[in-house]
Amino acid sequence: MSKRVPLKSLSKIERKLLKAARKVLERAYAPYSGFQVGAAVLTKEGKIITGTNYESASYGNSICAERAALLRANSQGHGDKCVAMSIVARNKSSPNNGISAPCGSCRQLILEAAQRSEIGKAFKIIMGAAKLDKIEVSTIGRLLPSAFGPEDLERDGSEEKKKGD
Ligand SMILES: [Zn+2]
């Protein structure tokens, strides 16, 4: 699903993207879970837009960093220009320095952002541990295969969806 890579294997802009997620992680609002996440979206023009998770005492209202970054990108006029994302997570209450992949809801929104920018399944997702000593790289196509998308809304039911699409 994702591949472990050294930091130096990333391009300059990918390293910048990952570091932006690491930096904004410090602003994550996660008083309930202690699980802090920073995300950064890269646009076609090389602009980087960040987001953090934002929790609520009414847990279901909480929003993930990945979606926060996509919503910010959209509100700034870049909703159809997103081509890659980085994600850095840290569990404040544990020394565990692991990598966190996007949740299912975020994968769905990332895929649709990738379709809007026309990069599609190649949309790169770079995931780093908080110390940036562990990095994994994947694509939305690998993280969300056989996805539901806008084309499914137009299907009239007379045809079977092809497996693997
Ligand atoms: Zn999520």
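The values are calculated or read from the model by the stated rules, or taken from the named source; none is laboratory data. Treat the numbers as computed from the prediction; the structure is a model and nothing was measured. Virtual Cβ from ideal backbone geometry, glycine too; neighbours counted across all protein chains shown.
Tabulated results
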| quantity | calculated |
| --- | --- |
| Test: residue in region 84-107 that is away from the ligand (no atom under 16 Å from the Cβ), closer than 19 Å to Gly141 by Cβ and in contact with a Ser or Thr (Cβ under 6 Å, 6 or more places away or on another chain) | no |
| Test: residue in region 66-77 that is within 14 Å of the ligand (Cβ to nearest atom) and not hydrophobic (A, V, I, L, M, F, W, C) | yes |
| Matching option when the condition is modelled with pLDDT of 95 or more and either touching an Asp or Glu at 6+ places or on another chain (Cβ under 7 Å) or among the small types (Gly, Ala, Ser) (or both), among Gly98, Gly157, Gly141, Gly149 | Gly141 |
| Sole exception among (1) over 15 Å from the mean Cα position of the chain (by Cα); (2) touching a residue at least 40 places away in the same chain (Cβ under 8 Å) for Gly98, by number | (2) |
